[in-house]
Amino acid sequence: MDRFLTTRIEGFEALIDPAAYPISAAEFVEQHGTRRIEHPDGESERLGDVIERVSPDVYETPEEVVNAILTGVGMSAIGRARYSDRDPPAPGTDETVKERYSL
């Protein structure tokens, strides 16, 4: 499973127990919604808040919950916004494009 989540959510293993699925979003939030997701910048947010942002009616598998969490986490969870060490700056940004050289 996703390393970010296993290190950032206390009791993550309980969230991905296959025996607990399928589970309704409401039931999932009731059981696990108070758990906190610790972000790399030191902030945190409630798992229930994250799930409610992207919540389908029912989660059929633990993988669906993991995908929902990764989709719903706030901006402070992603690190440096709009940063990529592989792509040129997005059009409309004020960053300058450096020339690329092939070795």
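Since every read-out is calculated from the coordinates, none of them should be taken as a lab result. Here the structure is a predicted model, which means the values were calculated and not measured. Counting neighbours? That spans all protein chains shown, and the Cβs are built from the backbone with ideal geometry, glycine included.
In this simple spin-label approximation, V54 and Y21 carry label points 7 Å from Cα along the Cα→Cβ vector, and these lie 1.4 nm apart. Sparse packing (at most 15 other Cβ atoms within 10 Å of the Cβ) combined with a DSSP loop state is found for the following GluC sites (Glu not before Pro) in region 24-71: E43, E60.
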